[in-house]
Amino acid sequence: MRVIISLILALLMALNFTGYGSFLKYGNTAVMSASVVEETEEADDAAEADEAQNAESVEAEALETELASGTAYADMEYVHYDPTAFYEDIDQMTALAETGDSDGVLALYDSVYAAYLTADTMETLAYIQYCADVTDEYWSEESVYCDSLLAEMDDALCIAGRQVLESPCGEAFAAYVGDSAAAMFASYEDMTDREAELYTQEAELINQYYELMNRESDVTYSYLGETWTWDMLDGYRGDSLYYTDYEGYVEVYYGLMEAMNDLVGPLYVELVQNRAEQAELAGYDSYADYIYELGYGRDYTTEEAQALCDAVKPVAQEFYDIYRGLYYSDLWYEYDSVTPVMDTEALLDAMARYMGQIDDSLAQALAYMTEYGLYDTGTDSKRVYGAFTTTISLYNSPFVFATLDGDCYDLGTMTHEFGHFADAWLNQDYDYLADIGSYDLFEIHSNGLEVLFTAFYDEIYTSGAEAATFIELGNQLLCVIEGCIYDEFQRQVYANPDMTLDEINRLFCSICEEYGVYELRDVDYYWMYVSHNYESPLYYISYAASSLAALQIWQLAQEDFQSGVDVYMAILNEGAYGDGYLTVVEDCGLTPFTQEGAVAAILQPVLDYMERLDRAAY
């Protein structure tokens, strides 16, 4: 076992809340991780011609079928995309716009938009393959190439759209593309060479992070003449050291953590400086404000997020005070014995048995996902650890990627990701290029479904139902607290982008202590295990916001299951591309976190319920 260095780490370990958790990869990726790189070494001319022909064929099929659906993932072919025809059509479209030929311009726009969706699809397919094996150099290079290419194509298409709006065809073009796309085109500023360089560096640093994290088992620390690895510390040798030489165990633990920090920490320092410059070039005073608005579609400010953090701190301190007792509950440790442990087929079967009892539309979405194989699950150590849901835009198909653990957490992981899948399958009316969804609402779709599924735990887990429920509720509570910790941590880092790595480690430790976390030292390296800090900065507050809503749904369902379902389905059917989080939550009958006293009122009943479960366990 790994040492209980701090209470928060103990709880994260018990809940398997490692940080490589679920995140979304939706829609336009330009703001999040777009990058421009020099092209990799070109294949021979014959291969290039074949790839170009394949890409043109895929584009033609998309035009004929208007975002064809009902395609199996196994039939979605990746091709190394050649954008030559895209740029030719862009040039022709802008030239034709000056002649006033609106029909010709609109036809060419359809062509370039289909090409953009094709490139976006290839980026998604390459990323899925890369996540399945982060050691595969081909998919690593293809993923970065596609990210880069998509950013270039996005820039070219937006510039062209702006030019067409300013042409004699502008009125007809604006009516055709819709208000959101027209507004985006009209306000778009050309991507500079420096911005392209920053996007390149960003994508490469993210890939380096995953590759280095995959080498955790190679990290060593020497103690009393013996070389220790994580595998040794996690095994019986570590158990023995823990009980016979606790101080030595702590030293080895921190030594290994510091060694990992030396590997991946400098990448984070570079990413922070990179992104701070991106925000400055975009005209923002802080990267946090930039990504809140353009990356995550939030309808609350960073100041309101800090107010949420301040409201959570006293509750978190009480939470940890209670958990210092609850942590020793047998329920924490029953997750290993909660049965049945299910493989992918059994997980999907279990979900299919109960999804229709929540809503028929969810059962239909699950049947669609299963029929067309729109998921990739596995346990291989070369996979990116965690889970995400994306949309394969050319086919209008959501897709779930999940690395499973082989324990009771797998059902929660799959249910969570399916909540994202269901949203993307049910709510398809948005513009991939222009619209930015609310990630806080996206996460209610997933966390809300997780808590509703606890209603079936008695049948699924039988005697382990109480432990499974205890773990699920604990996970949601930690989502609130962790969401605030990581958001406050990152906002402070991005406000001071010249911080050293040592200052970052100490800052994280001090912030954790403000939330009631017990720390043994004045540094804490655990933040580096949360991949969102690297790939999806300032995402974590969406977990806090969504879990505050999900726990209200759970409370409603305790009184009347259908009432909880009705609120969940109302939020799900709203989608995430219309009104923002605060509006939707309130309109659907829940309390937004911005209301005074809301946080404590939402969390206290959950803590009380967990205490009752704990008492009943003895």
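Could you work out how far the C-alpha centroid of region 344-404 sits from that of region 220-297, in angstrom? About 31 Å separates the Cα centre of region 344-404 from the one of region 220-297. Using C-alpha pairs below 8 Å separated by at least 6 residues, the relative contact order for region 79-118 is 46 percent. Residues whose amide H lies under 5 Å from that of ILE392, counting only those 5 or more places away or on a different chain, are SER397, PHE399; hydrogens are built 1.01 Å from N in the peptide plane. The overall shape of region 518-614 is oblate: from the C-alpha gyration tensor, with semi-axes ordered a ≥ b ≥ c, the ratio a/c is 1.5 or greater and a/b is no larger than b/c.
Computed from Cα atoms, the angle from the helix 84-97 axis to the main principal axis of the chain rounds to 60 degrees. For TRP228, the amide hydrogen comes within under 5 Å of the amide hydrogens of TYR221, SER222, TYR223, counting only partners 5 or more places away or on other chains and with H modelled in the peptide plane.
Counting only protein heavy atoms and using a 1.4 Å probe, the accessible area of VAL144 comes to about 20 Å². Rounded to the nearest 10 degrees, the angle from helix 137-165 to the longest Cα principal axis of the chain is 50 degrees.
Add -39500 (n - 2.57) for each DSSP H run of 4 or more in the chain, then divide by its residues: what number comes out at 222 nm, to the nearest 500 deg cm²/dmol? Provide the component values of the computation, followed by the final result.
Details: 27 runs with 406 residues, N = 618.
Dividing the helical sum by the residues of the chain leaves -21500 deg cm²/dmol.
Each of GLU197 and LEU281 was given a label point 7 Å from its Cα along the Cα-to-Cβ line. The distance between the two points is 0.8 nm. The calculated FRET efficiency for SER217 paired with GLU513, based on their beta-carbon distance and R0 = 35 Å, is about 0.70.
Close amide H contacts of TYR515 (hydrogens built in the peptide plane, cut-off under 5 Å, sequence separation of 5 or more or a different chain): none are found. Under the simplified labelling scheme, the ASP190-ALA616 pair shows an inter-label distance of 6.7 nm, with each label point 7 Å from Cα along Cα→Cβ. The simple spin-label model puts a point 7 Å past each Cα toward its Cβ; for ASP608 and ASP380 those points are separated by 5.0 nm. Rolling a 1.4 Å probe across the protein heavy atoms gives the chain an accessible surface of 38 Å² per residue. Would you mind checking the tilt of helix 561-574 against the longest principal axis of the Cα atoms of the chain, expressed as 0 to 90 degrees and rounded to 10? On a 0 to 90 degree scale, this one is about 30. Shown is the FRET efficiency for GLU318 and GLU88, computed with R0 = 45 Å from the Cβ-Cβ distance and rounded to the nearest 0.05: 0.10.
Along region 365-378 the Karplus relation, 6.51 cos²θ - 1.76 cosθ + 1.60 evaluated at θ = phi - 60°, assigns HN-Hα couplings of 5, 5, 4, 5, 4, 5, 4, 9, x, 8, 7, 9, 10, x Hz to successive residues, with x for each Gly and Pro. Hey, with R₀ at 35 Å, roughly what FRET efficiency would GLN562 and ALA601 work out to, going by the Cβ-Cβ distance, to 0.05? With R0 = 35 Å, the Cβ-Cβ based efficiency is 0.95. Averaging the sequence gap over all C-alpha pairs within less than 8 Å and six or more residues apart, then dividing by the number of residues, gives the chain a relative contact order of 21 percent. Couplings 3J(HN,Hα) of region 535-549, computed from phi: 8, 10, x, 6, 7, 4, 5, 5, 5, 5, 4, 6, 5, 4, 6 Hz, in residue order, whole Hz [Karplus 6.51 cos²θ - 1.76 cosθ + 1.60, θ = phi - 60°; x for Gly and Pro].
Taking 0.36 nm per residue of separation and subtracting the Cα-Cα distance, what length does fully extending GLU303 through ASP136 add?
Details: separation 167, 0.36 × 167 = 60.12 nm, distance 4.19 nm.
The span from GLU303 to ASP136 would gain 55.9 nm if fully extended.
3J(HN,Hα) along region 426-431, derived from phi through the Karplus expression 6.51 cos²θ - 1.76 cosθ + 1.60 where θ = phi - 60°, amounts to 7, 10, 10, 8, 8, 9 Hz, with x in place of Gly and Pro. On the chain, 46 percent of the accessible area sits on carbon and sulfur atoms, based on a 1.4 Å probe.
The values are calculated or read from the model by the stated rules, or taken from the named source; none is laboratory data. Everything numeric in this text was worked out from a predicted model, so none of it was measured. Note that we place each Cβ from the backbone using ideal geometry, even for glycine, and neighbour counts take in every protein chain shown. For accessibility, only protein heavy atoms count, side chains too; no ligands or nucleic acids. Shrake-Rupley method; radii C 1.70, N 1.55, O 1.52, S 1.80 Å.
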